[in-house]
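What follows is a set of notes on a single structure, which appears directly below.
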């Protein structure tokens, strides 16, 4: 692209840091790109790990970005009903070339009315929530539907970001970043998907996350119901822009 890229990534309390930091590492390698880590205020944001993140700008001060990206995590449940967060996402989506997410961040896009009629990916434990927002569930690691690009669970964030770079800039740039990061995964186990995990591992995980899944579905149902009284966002259903 002729002009430097601007990428805005939304922070929120209890996000999964790898959903954010994986893409940030990739996007930071794009020549001339400007990254904005955005939250309501400039204050430390706790993640679901020991790491704390600091925003670089606020919702009020963030310029229009070429890419808006929402990471996931347990904190997504709270922002689904947060009018200020959802309003910022909608506002940025009006002018963004690509509207994107990683993991359960796709539910925030759904709550903003941005996935109605689109295919989308999310973490496997949250797939049942996507249809509440009019989205079709994709099991792809990275799902591209027009100008929506959504990544699957957590570690898909690097794949997602490389895909975005290839779309926005070109494939050689994305491949050079992949090489720089030596991103050549060879996982030690095949337990990274409910389709391949040993049954006993899947069973234990399902039992452990059952309360969280119930809470998330309830939050998604409330957000979906709120969309019924929101202003229709048909103008946001844009085709893939030229690059």
> Within segment 33-85, can you find the residues that are in contact (Cβ under 8 Å) with a residue 60 or more places away in the chain and outside any loop (DSSP other than H, G, I, E, B)?
Replying inline: 67, 68, 69, 70, 76, 77, 78, 79, 85
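Just give me the residues in segment 37-47 being more than 14 Å from the chain's Cα centre (by Cα) and surrounded by fewer than 20 Cβ atoms within 10 Å (Cβ to Cβ), in sequence order. Even if it seems obvious, please write down each step before you answer.
Initial filter on segment 37-47 (more than 14 Å from the chain's Cα centre (by Cα)): 39-47.
Selection gives 40, 41, 42, 43, 44, 46.
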> So which of 112, 121, 161, 108 is crowded, with 24+ Cβ neighbours inside 10 Å and free of Cβ contacts under 8 Å to residues at least 40 places away in the same chain?
Replying inline: 121
> Here is a list of conditions, (1) in contact with a strand residue (DSSP E or B) (Cβ under 6 Å, 6 or more places away or on another chain); (2) more than 24 Å from residue 40 (Cα to Cα); (3) surrounded by 15 or more Cβ atoms within 10 Å (Cβ to Cβ), and residue 93 meets all of them except one; can you say which number that is?
Replying inline: (2)
> Among the residues of segment 124-156, which ones are over 24 Å from residue 215 (Cα atoms), touching a strand residue (DSSP E or B) at 6+ places or on another chain (Cβ under 6 Å) and either part of a helix (DSSP H, G or I) or free of Cβ contacts under 8 Å to residues at least 24 places away in the same chain (or both)?
Replying inline: 142
> residue 25: assigned to a helix (DSSP H, G or I), at pLDDT 95 or above and surrounded by fewer than 20 Cβ atoms within 10 Å (Cβ to Cβ), yes or no?
Replying inline: yes
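Please tell me if residue 9 is surrounded by 16 or more Cβ atoms within 10 Å (Cβ to Cβ), part of a strand (DSSP E or B) and touching a helix residue (DSSP H, G or I) at 6+ places or on another chain (Cβ under 7 Å).
In short, yes.
Determine which member of the set 185, 172 is assigned to a loop (DSSP other than H, G, I, E, B), modelled with pLDDT of 95 or more and loosely packed, with under 13 Cβ neighbours inside 10 Å.
Working: 172 fails: assigned to a loop (DSSP other than H, G, I, E, B).
After applying the criteria, what remains is 185.
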> Of the residues 103, 62, 69, which single one is surrounded by fewer than 22 Cβ atoms within 10 Å (Cβ to Cβ) and closer than 28 Å to residue 43 by Cα?
Replying inline: 62
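The values are calculated or read from the model by the stated rules, or taken from the named source; none is laboratory data. Fair warning: this is a prediction, and the values are worked out from it, not measured in the lab. A quick note on method: Cβ atoms are made from the backbone with ideal geometry, for glycine too, and the neighbour counts reach across all protein chains shown.
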